[in-house]
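Novice: Below is a structure I'd like to ask you about.
No value in this document is a laboratory result; all are computed from the given coordinates. Here the structure is a predicted model, which is why all the values come from computation and not from measurement. In this analysis, Cβ positions are derived from the backbone assuming ideal geometry, glycine residues included, and neighbour counts consider all displayed protein chains.
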Amino acid sequence: MKTLIVADRLIDGTGASPVERGAVLVEKGRIVAVGRQADLGVPEGGKVVEAAPGSTMMPGLIDTHVHLAYSGIPHKKAFRAELVEMSYPAIALRSARYALDTLKAGYTSVRDMHAPGGVIIDLANAIEKGEVQGPRIMACGRGLSVTGGHMDQPGWADHTEFRDLTLPCDGAEGFRLGVRKEIKRGAHFIKINTCISFVGKEPGVWWRQEMTDDEIRAAVDEAHSFEMHVAAHTTGGPGLLSTIVNGVDTVEHAHFTDARIIEAMVKHGTFYVPTLLVNDRNFEFTPEEQGLSARSWKWLNASREAKWKTLAAARAAGVRICAGTDTGYMLTHGEMNWREIHLLVQGGLTPMEAIVAATGTNADLMGWDVGRLKPGLHADVLLVAGDPLADVTILGQRDRLRVFKGGVEVV
Ligand SMILES: [Zn+2]
């Protein structure tokens, strides 16, 4: 049976001007036609879903940086304690609830950027099979990090050992093996940690390259041979430049840049996921509430300044900007993801550009048939009571939203 969804305004996720009285025709979970309602007509024997007057239809939102395994608890020690005290099955069960909260908030696809035991791969599969309700999930399994590195959680006592919390790798062959292990586990892409937050002796050095150039190249080469993309946690400086020129597909955070780095992103077609929200979120708590050292606080202040400059430079140069939040880390699932879109607007993007970052461009990053209202793509549709181009913050008001995944309304 065909379904026609109609609204006063249609945003298709490409950046094109909105269509007045727009409609999408859906059959078997896919979009079969898009246009003005007057041109599409009413399907014979089909169903018509008419949005409330003044509503906008747009693609379901996408968040390309979430951690469904994490709760969003702000204190560093409490965050770690959860991961030690909870079994991986318990973490997976909790993440199913977070996935549903995310879907209800209008997010029909997410990219999960690391989970203990790789459990979000299993959640993604359960959702795909219809056993659990949630957004479409692209999951990396465990993040790859050098021994003692960003995701190898330094600071524990010597006698402690955490199996599968992350995947420490060393040397080019070590990273190749790591990539193969995650692919064997069922990962959809690979996450690595190439450069990290650091307060250097030289003024203005806020980064440290953590993986060697050889390690980065090996991880990228191996993942690309499986036609999988690679995402990297980055901070800035030479390590970020090496990440880009050695072929990493998406750079996360990337606070500190210069003209050479921006130019390299354009040349290599790198996707930039600034995660403005998690950076801002740090300032909604005191350093004590987060258990942060004076050094970390200093770093956060410097990165807060830098990220706005990077965003403006990236936009001016035509870098592909994506909306990802780091939800799960200091941010609760479903309630806050929309704020990244608002921050992109505050950082100089037009509301339309910010919406495209959270739909069409995010879909390009993932390489999935989602993120636009276009024939052939999954019918992931969001109806918003009001006009998000006039005020993007209405995307955060759940009572204004009606969410359709694969043409079926989420209830
Ligand atoms: Zn993250």
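Novice: What tally of residues in the stretch 308-329 results from selecting those that are surrounded by fewer than 23 Cβ atoms within 10 Å (Cβ to Cβ) and within 16 Å of the ligand (Cβ to nearest atom)?
Specialist: 1
Novice: Of all residues in the stretch 93-128 being of a type outside the set (S, T, Y) and within 16 Å of H378 (Cβ to Cβ), which is farthest from the ligand (Cβ to nearest atom)?
Specialist: Result: E128.
Novice: Also: For the stretch 188-227, which positions are acidic (D, E) and within 15 Å of L177 (Cβ to Cβ)?
Specialist: D214, E215, D221, E222
Novice: A further question follows. If a residue counts only when it is more than 25 Å from G347 (Cα to Cα) and away from the ligand (no atom under 16 Å from the Cβ), which helices (runs of 4 or more DSSP H) contained entirely in the stretch 174-270 have at least 1 such residues?
Specialist: Filter on the stretch 174-270 gives 213-225, 237-245.
Novice: What residue, among those in the stretch 332-350 that are touching a helix residue (DSSP H, G or I) at 6+ places or on another chain (Cβ under 6 Å) and either in a helix (DSSP H, G or I) or within 16 Å of the ligand (Cβ to nearest atom) (or both), is farthest from R97 (Cα to Cα)?
Specialist: V345
Novice: Among the numbered conditions (1) among the hydroxyl-bearing types (S, T, Y); (2) buried (at least 24 other Cβ atoms within 10 Å of the Cβ); (3) farther than 18 Å from L365 by Cα; (4) in contact with a helix residue (DSSP H, G or I) (Cβ under 7 Å, 6 or more places away or on another chain), tell me where S303 comes up short.
Specialist: Going through the list (1) among the hydroxyl-bearing types (S, T, Y); (2) buried (at least 24 other Cβ atoms within 10 Å of the Cβ); (3) farther than 18 Å from L365 by Cα; (4) in contact with a helix residue (DSSP H, G or I) (Cβ under 7 Å, 6 or more places away or on another chain), S303 breaks only (2).
Novice: Can you pull out the strands (runs of 3 or more DSSP E) entirely within the stretch 1-84 that have at least 1 residues that are more than 29 Å from V392 (Cα to Cα)?
Specialist: Here the list reads 19-27, 47-50.
Novice: Being within 15 Å of R36 (Cα to Cα) and among the charged types (D, E, K, R) is the filter here, so list the residues in the stretch 1-18 that pass it.
Specialist: D8, R9, D12
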